[in-house]
Amino acid sequence: MKLWGGRFESGPSEVFERFSGSLDFDRRLIDCDIRGSQAFARALERVGILTADERARIVDAFDEIRRESADPHFYDGATDEDIHTLVIRKLKEKAGAVADKIHTGRSRNEQVSLDTRLWLREECDRIRSLLRSVMASLLDCAAAYPDAVIPGYTHTRRAQAVLWAHYLLAYFEMFARDWERFGEARLRANVLPLGSGALAGSGFAFDREAMARDLGFDAITRNSMDVSADRDFALDFLYAASVAMIHLSRLAEDWILYSSEEFGWMELGDGVTSGSSLMPQKKNPDSLELIRGKCGRVVGCLTSLMVTMKGLPMTYNRDMQEDKVPLFEAADQVAGSLEMARAVIESVTLRPAVPAAAAEESWVVATDLAEALARAGTPFHQAHQTVGRFVLESVRAGKRPADWTAAEMQRFAPEFTGELAALLDPRTGMKSREISGGTGPEAVASALEHARQMLAKVTV
């Protein structure tokens, strides 16, 4: 069945049919297509195209199609070019000739936009729910090790000591922004395109606001040509998905390293790791490596659609059919990666003594010493130079911070008063960082409480 053809003397070739068909991937829009068509049937009744009885027959037939579509064999033998023509064919089989009225005043262009927006709206809700679960797991992991100290890194070099909870809260903030981004993507998708026609607007006096209320949209689109040409809402979703995957990939990279023999900070659960077919001793972080790898696929989805859209003339072009595969792919990979990340977080066992020792044996306290000198009146540049020489001398002598006594420090530099020796313990220096957003114990406790309160308000 075709939704067009009167102008043609012959049908499309077998090659073109095969090349242009999209049923194999857009079939997942069937429920959205049915809901949109049911709402459109009600709109057709309001403008007098359908009688109440015809509208009821069409809506009931759509309900029957929805139930049947749950059967795995529903699509067996289907040769329709896309999900929209399949649904209309099924509708005609069940409702008869009245099915031919369902496309009155409606273009497949706006229908595709509607279906995709309905689907994206639900995907945003699903992913936001998964993000919330990951955020909750991070807070639980932080609560399990409230006093754990780790080295923070810049340039993959030990930089300053931080609390484990402070580190986890950094990722909490990233995922909180992702939650917001998917909310923004949902807002942009949640605008009704029906009534736009192919590009010039419908020739029937539909109440677009009523259709929007019927389908739960926040607003209606303002320009029919923009509707036909627009895939910004899809790009917004793909951008949100790409950033979320980048955040997941960074967490994965950290924990691949931290769980390695070289770091030894943590143990990943058996349920999220795998072994080697050759080397019996191996416990590989495959779950995290797959998250890291899938990030590339999702960023590729964004790039794919951006390149598809970059040079298209107004308005609709068949190129835009290529939006579905990257959208579906990205949504599936983000959802799967978030589920996997939550399982990894819930499985991990931290060995607090190991990162604490790494902090204590390194010179992550150097900034604490320099800032203490500055607070005592030494110009910071001078304080920086003094501490730098102190660290250099220590490295040359093979001395750790704990190897110095207060007397030895003062002999090195008169600015090093006895009180500064306490700062050789990373835990002491952290107490100077009680500024909001810092790693001071009180600041982190406050941040954790704020995060819990924020999470309690996060709904979909």
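The values are calculated or read from the model by the stated rules, or taken from the named source; none is laboratory data. Since this is a predicted model, take the numbers as computed values, not measurements. Glycine also receives a Cβ, built like all others from the backbone with ideal geometry; neighbour counts cover every protein chain displayed. To get the accessible areas, we keep the full protein, side chains included, count just its heavy atoms, and leave off ligands, DNA and RNA. Shrake-Rupley method; radii C 1.70, N 1.55, O 1.52, S 1.80 Å.
Below is a table of values for the structure above.
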item: Residue among Val134, Val112 that is under 29 Å from Arg186 (Cβ atoms), hydrophobic (A, V, I, L, M, F, W, C) and touching a Leu at 6+ places or on another chain (Cβ under 6 Å); result: Val134
item: Residue match in segment 68-84 (condition: of a type in the set (Val, Ile, Thr), modelled with pLDDT under 95 and farther than 29 Å from Arg188 by Cα); result: yes
item: All positions within segment 407-417 that are in a helix (DSSP H, G or I) and either open to solvent by less than 40 Å² (accessible area, probe 1.4 Å) or polar (S, T, N, Q) (or both); result: Met409, Gln410
item: Search result, residues across segment 77-114 that are buried (at least 18 other Cβ atoms within 10 Å of the Cβ) and among the hydroxyl-bearing types (Ser, Thr, Tyr); result: Thr85, Ser107, Ser113
item: Residue list for segment 195-242, restricted to those being β-branched (Val, Ile, Thr) and part of a helix (DSSP H, G or I); result: Val227
item: Check on Thr428, over 17 Å from Leu373 (Cβ atoms) and under 41 Å from the mean Cα position of the chain (by Cα); result: no
item: Some residue of segment 243-255 being buried (at least 18 other Cβ atoms within 10 Å of the Cβ), in contact with a helix residue (DSSP H, G or I) (Cβ under 8 Å, 6 or more places away or on another chain) and not in a helix (DSSP H, G or I); result: no
item: Some residue of segment 23-40 being under 24 Å from Glu209 (Cβ atoms), among the polar types (S, T, N, Q) and crowded, with 20+ Cβ neighbours inside 10 Å; result: yes
item: All positions within segment 256-299 that are assigned to a loop (DSSP other than H, G, I, E, B) and among the hydrophobic types (A, V, I, L, M, F, W, C); result: Phe263, Trp265, Leu268, Leu278, Met279
item: Residue in segment 59-76 that is open to solvent by less than 60 Å² (accessible area, probe 1.4 Å), in contact (Cβ under 8 Å) with a residue 40 or more places away in the chain and hydrophobic (A, V, I, L, M, F, W, C) present; result: no
item: Where Asp214 falls short, out of the listed (1) surrounded by fewer than 21 Cβ atoms within 10 Å (Cβ to Cβ); (2) within 24 Å of the chain's Cα centre (by Cα); result: (2)
item: Among (1) at pLDDT 95 or above; (2) open to solvent by 10 Å² or more (accessible area, probe 1.4 Å); (3) closer than 30 Å to Ser107 by Cα, the one test that Arg318 misses; result: (1)
item: Test set (1) within 26 Å of Ser337 (Cα to Cα); (2) part of a strand (DSSP E or B); (3) of a type in the set (Lys, Arg) - Arg188 fails condition number; result: (2)
item: Matching helices (runs of 4 or more DSSP H) fully within segment 32-147 where at least 1 residues are more than 25 Å from Arg318 (Cβ to Cβ) and of a type in the set (Val, Ile, Thr); result: 52-68, 108-144
item: Any hit, segment 372-386, residues being open to solvent by 30 Å² or more (accessible area, probe 1.4 Å), under 21 Å from Glu360 (Cβ atoms) and out of contact with any helix residue (DSSP H, G or I) (no Cβ under 7 Å at 6 or more places or on another chain); result: no
item: Subset of segment 260-276 that is closer than 20 Å to Tyr153 by Cβ and without any contact (Cβ under 8 Å) to a residue 60 or more places away in the chain - its residue that is least open to solvent (accessible area, probe 1.4 Å); result: Ser260
item: Residues within segment 420-440 that are touching a residue at least 12 places away in the same chain (Cβ under 8 Å) and either closer than 21 Å to Arg400 by Cα or surrounded by fewer than 15 Cβ atoms within 10 Å (Cβ to Cβ) (or both), tallied; result: 10
item: Cβ-Cβ under 8 Å pairs, at least 6 apart or on other chains, segment 385-396 side closer than 12 Å to Met409 by Cα and of a type in the set (Asp, Glu), far side open to solvent by 40 Å² or more (accessible area, probe 1.4 Å) and modelled with pLDDT under 95; result: Glu393/Phe412
item: Selection from segment 278-315 of residues that are loosely packed, with under 14 Cβ neighbours inside 10 Å and hydroxyl-bearing (Ser, Thr, Tyr); result: Thr303
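For (1) more than 16 Å from the chain's Cα centre (by Cα); (2) crowded, with 16+ Cβ neighbours inside 10 Å; (3) under 21 Å from Met430 (Cα atoms), each residue gets a yes or a no:
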{"position": "Thr116", "(1), (2), (3)": "yes, yes, no"}
{"position": "Leu120", "(1), (2), (3)": "no, yes, no"}
{"position": "Glu123", "(1), (2), (3)": "no, yes, no"}
{"position": "Arg128", "(1), (2), (3)": "no, yes, no"}
{"position": "Leu131", "(1), (2), (3)": "no, yes, no"}
{"position": "Pro146", "(1), (2), (3)": "yes, no, yes"}
{"position": "Ala159", "(1), (2), (3)": "yes, yes, yes"}
